[in-house]
Amino acid sequence: MSKLYDPYQNVIDVMEQAMEVGHINTAMFEILKNPQRETKVYLPVEMDDGTVKVFEGYRVQHSNIRGPFKGGIRYHQDCTLNEVKALATWMSLKCAVANIPYGGAKGGIRVDPKTLSKRELCRLTRRYTFAIAPIIGADTDIPAPDVNTNSQTMAWVLDTYSQLNGKPCPGVVTGKPIELGGSRGRNSATGRGVVISTKLLLAQEGKELAGTTVAIQGMGNVGSNAARIFYHRGATVVAVSDVSGGLYCADGLDIDAISDYLATPDALLADYNADGVSHISNEEVLTCTCDVLVPAALENQITEEIAHRLSCTYIVEAANGPTTEDADRVLASRGITLVPDIFANSGGVIVSYFEWVQNIQELTWERDQVNEMLEKLMSRSFDDLLSVVDECHCTLRMAAYIVALRKLVYAEEIKGIFP
Ligand SMILES: NC(=O)c1ccc[n+]([C@@H]2O[C@H](COP(=O)([O-])OP(=O)(O)OC[C@H]3O[C@@H](n4cnc5c(N)ncnc54)[C@H](O)[C@@H]3O)[C@@H](O)[C@H]2O)c1
């Protein structure tokens, strides 16, 4: 029977296994089992009708041993401190795998943003930024978008923080609009990284993207950009979904038409209609026959029970933590190869790093330069994972954790413990 899912316990359990499999033996690991700081804030907001609501927000700073804290801000009605702790820990691991000089953090507000007007969302974002302003900054902690937040949200964070500091502070957030110092290629970077991960995996098996069938759960920033890039590189996207349900076409969906449709505010896939396209449930998207399954929505989607029913050959984790620990064991026994989140969705934080470097140096790079460097960094870290797979005879997830933990505990060891 599946255990009750606890994302933080999940990440700690996998870290413990990686310490063993990777023969990493140091007391410094104890430090990484806890975040450096957890901040909880209560955010009063005046609603459009004059009433006052108080929202709960979080910022968890897991580790800054390798560089400033870095991680997105999530708005979701089910967001909890425990979930944000897991997400912050994954960020430390992800930045270490990508070999970029950042630590890990994450933020969140427990709110269903669809129930708020744009003005209310703006006031909530500004109040949250004010509450966490003492602990963020271009050289301390740099937020970015995550679920239900976007470049507009980052523009509000940036402006509030800059007003408080009396000067423009573009380096305080990444994923901001290009007009405010954002980077070309950032918006699509996580989805692009998912496609790069898939290409690198397929190449290992002598296969190509063209003709590969793909199913994608979640058509938000990450899923829709991945879908578009897969489609334009000749893959056949057979199924996609959002919170309202899924679409399926065995011959391949017209992703350009679906993307145009989703560009309309509040559009849901449940209301999309086209010849040859059938409506299926979210679960059917996960279990449909395809070469590559891309979960790009939330945690805890591929459970042990779902893992037994999957009909894919590969999983590329675009979302953070979509697969439970129990499901991982089923996938391994069924021979389904999984590319783990802390590598597969690292394109976002890698291009966030490029954005931050451009801000600090007051430079702007061309899109091609950004995309080429992204591919180069991801290819290098994939090679690192493959060497550890060979060395430790383990899965790619275990290899990614081992690569990350070796860097993190080594940094802890040479620094030592203060005082
Ligand atoms: N935005 C980034 O740069 C970034 C970077 C790294 C990782 N991630 C991770 O990728 C995932 C998606 O993030 P995003 O930024 O695309 O969020 P988003 O808010 O833009 O999109 C989320 C999508 O998931 C869908 N969804 C929500 N619940 C669902 C369900 N139960 N079944 C099917 N679909 C569902 C939503 O309808 C939406 O299409 C998250 O796990 C996030 O942490 C995002």
(message) As I understand it, the dipole of the chain uses +1 on the Cβ of Lys and Arg and -1 on the Cβ of Asp and Glu, about the Cα centre. Which of 187, 363, 342 lies farthest toward its positive end?
(response) 363
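Relative contact order for the range 141-207: what is it in percent, counting Cα pairs under 8 Å that are at least 6 residues apart?
Details: 54 pairs, mean separation 18.6, N = 67.
Worked out over the range 141-207, it gives 28 percent.
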(request) Sort the following peptides by mean Cβ neighbour count (other Cβ atoms within 10 Å, averaged over residues), highest first: 277-289, 59-71, 164-176. (result) 59-71, 164-176, 277-289
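Using DSSP, restrict attention to beta bridges with both residues in the chain and report what percent are antiparallel, rounded to the nearest 5.
On the way: 24 of 49 bridges.
Among the beta bridges of the chain, antiparallel pairing accounts for roughly 50 percent.
When only Cα pairs under 8 Å and 6 or more residues apart are kept, what is the percent relative contact order across the range 69-208? If you can, show how the numbers build up before the last one.
Details: 197 pairs, mean separation 31.8, N = 140.
Value for the range 69-208: 23 percent.
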(request) Pull up all non-local amide H partners of residue 315: gap of 5 or more, or a different chain, and H-to-H distance under 5 Å with H placed in the peptide plane. (result) 293, 337, 338, 339
(request) Could you give the C-alpha radius of gyration of the range 1-73 expressed as a fraction of 2.2 N^0.38 Å, taking N as the number of residues it contains? (result) 1.62
(message) Taking the Cα centre as origin and putting +1 on Lys and Arg beta-carbons and -1 on Asp and Glu beta-carbons, what dipole magnitude results for the range 285-419, to the nearest 20 debye?
(response) 160
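Using +1 on the beta carbon of Lys and Arg, -1 on that of Asp and Glu, and nothing else charged, what's the dipole of the chain about the Cα centre, debye to 20?
Numbers: 38 positive and 52 negative charges, 251 e Å.
With Lys and Arg at +1 and Asp and Glu at -1, about 1200 debye.
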(message) Excluding same-chain pairs closer than 8 in sequence, count the lysine pairs in the range 81-214 whose Cα atoms lie under 17 Å apart.
(response) 6
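Please compute the length gained on full extension between residue 165 and residue 6, using 0.36 nm multiplied by the number of residues separating them and subtracting their Cα-Cα distance. Can you show the working numbers first?
Details: separation 159, 0.36 × 159 = 57.24 nm, distance 3.81 nm.
Once the chain is fully extended between residue 165 and residue 6, it gains 53.4 nm.
Can you tell me the order of 212-222, 108-118, 383-393 when each peptide is scored by its average per-residue count of other Cβ atoms within 10 angstrom, highest first?
Details: 212-222: 25.5, 108-118: 17.0, 383-393: 15.0.
The packing order, highest mean first, is 212-222, 108-118, 383-393.
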(message) In the chain, if the dipole is taken from +1 on Lys/Arg beta carbons and -1 on Asp/Glu beta carbons about the Cα centre, which of 257, 161, 24 is farthest to the positive end?
(response) 161
(request) Return a whole-number percent for the relative contact order of the chain, with Cα pairs under 8 Å and 6 or more residues apart as the contact set. (result) 17
(request) Find which of 313, 293, 351 sits farthest along the positive direction of the dipole of the range 282-368, computed with +1 on the beta-carbon of Lys and Arg, -1 on that of Asp and Glu, about the Cα centre. (result) 313
(request) Give a residue-ordered list of calculated ³J(HN,Hα) values for the range 208-222 (Karplus: 6.51 cos²θ - 1.76 cosθ + 1.60, θ = phi - 60°; whole Hz; x for Gly, Pro). (result) 10, 5, 4, x, 6, 8, 10, 10, 10, 9, x, 10, x, 4, 6
(request) Report the label-to-label distance for residue 417 and residue 271 in nanometres (one decimal), using points 7 Å from each Cα along the Cα→Cβ vector. (result) 5.8
(message) If a paramagnetic tag sat 7 Å from the Cα of residue 281 along the Cα-Cβ line, which residues of the range 236-268 would have the backbone N under 17 Å from that point?
(response) 240-248
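Computed from the coordinates by the stated procedures, all read-outs in this text should not be read as laboratory data. Keep in mind that what you see is a predicted model, and the values were worked out from it rather than measured. Using ideal geometry, Cβ is built from the backbone for each residue, glycine included, and neighbour counts are taken over all protein chains shown.
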